[in-house]
Amino acid sequence: MDDSDFLAKRFEQHRRRLKGVALRMLGSHAEAEDAVQEAWLRVDRAGADDVANLGGWLTTIIGRVCLDMLRARRSRPEQPADDLPEQSDGPTPEAEAVMADSVGLALFVVLDTLEPAERLAFVLHDMFAVPFDDIAPIVGRSSTATRQLASRARRRVRQSGQPEPDLVAQREVVDAFLRAAREGDFEGLLNVLAPDVVLRADQRAMDTAARARKAGAPALTAESRGADIVARAFHNSAKGARPALVADAIGAAYAPRGKAHSVFLVTVHDGRITEIEVIGDRDHIAELDPLVLD
């Protein structure tokens, strides 16, 4: 395998996440595909021999591609995004596709009123937890100015009456939970779990976890309640789980080689986890279509 083939293989491992970023930036499946293809062309030309963090570098590239496309779209306002539905008596397949993504149709309409740089700062930071220091070079601003771009976008979302994504705060809680579980930090687990937290699991998740207990899978039952019991279930476990965007929120997924085998639906309230649902059923996971985050 030559260097180009190896790079292509590594790029494919990130393709789904890159399309997720592009789709939430552009609101169009066709344009998102075009953006990912353009990102690949740029990557292939530049090479990645000296890149230490490939995922972060690819996010930067897809961000720049999307920013260029948004600016080009602004210069052609008469050409709407192809996934925005026309007025009709019922939802079109295109509308249903957009509403099925983590940015619903109503929020996307609000995002479409933002300036390109505002939109990119808001989407990358508030939806994908990309640090402002990493976003700043994409929009050609300082970190402080980039933070202000996202803040203005956030105010527009609030004024529109649409629910503001709080994925950054959720991500912090889920990261703390997974870290405490992996490190065997029992007190850390108790700190992020609500006293009356509920843990549920479907039958397939329970069966899989039982077979993989020695490999670090959590001790699952159909339902467990209380922070102490749930903390013991995850103590020294969940070592392969990674944060993921699941059902409009930050959860987690065990996804070796990019394919999710189990998904954690996590509910966060007031900075603590109030509910965890572990799903192992393949059809249910396919419906949720989790997006594993870097």
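A compact table of results
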{"read-out": "Normalised alpha carbon radius of gyration of the stretch 115-268 [divisor 2.2 N^0.38 Å]", "value": "1.21"}
{"read-out": "Spin-label model distance (nm) - VAL51 vs GLU183, 7 Å beyond Cα toward Cβ", "value": "3.0"}
{"read-out": "Accessible-area order (highest first, 1.4 angstrom probe) of the listed residues LYS259, LYS9", "value": "LYS259, LYS9"}
{"read-out": "For the stretch 1-75, average projected area of the Cα convex hull in nm²", "value": "4.9"}
{"read-out": "Centre separation in Å (Cα based) which lies between the stretch 28-48 and the stretch 230-294", "value": "28"}
{"read-out": "Relative packing of 60-67, 234-241, which averages over residues the other C-beta atoms within 10 Å, highest first", "value": "60-67, 234-241"}
{"read-out": "ASP185 long-range amide H proximity, modeled H, under 5 Å", "value": "ASN236"}
{"read-out": "Carbon/sulfur fraction of accessible area - the stretch 9-79, other protein chains in place, 1.4 Å, %", "value": "46"}
{"read-out": "Note, ³J(HN,Hα) from phi for the stretch 196-212, Karplus 6.51, -1.76, 1.60, rounded to Hz, x at Gly and Pro", "value": "9, 4, 10, 10, 10, 8, 7, 4, 5, 5, 5, 5, 5, 5, 4, 6, 10"}
{"read-out": "Residues with amide H under 5 Å from that of ALA244, placed H, sequence gap 5 or more", "value": "GLY251, ALA252, ALA253, LEU293"}
{"read-out": "Burial ranking of peptide ranges 147-156, 45-54, 278-287 (average Cβ count within 10 Å, highest at the top)", "value": "147-156, 278-287, 45-54"}
{"read-out": "Residues whose placed amide H lies under 5 Å from that of GLU275, excluding near-sequence neighbours", "value": "VAL198, THR267"}
{"read-out": "Per-residue ³J(HN,Hα) for the stretch 123-140, Karplus 6.51 cos²θ - 1.76 cosθ + 1.60, θ = phi - 60°, Hz, x for Gly and Pro", "value": "5, 5, 7, 7, 9, 10, 6, 7, x, 4, 4, 7, 7, 3, x, 5, 8, x"}
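The values are calculated or read from the model by the stated rules, or taken from the named source; none is laboratory data. Values in this document were obtained by computation on a predicted structure and should not be read as measured data. Quick reminder, even Gly has a Cβ in these numbers, built from the backbone with ideal geometry, and neighbours come from all protein chains shown. The accessibility values were calculated without ligands, DNA or RNA, using every heavy atom of the protein model including side chains. Shrake-Rupley method; radii C 1.70, N 1.55, O 1.52, S 1.80 Å.
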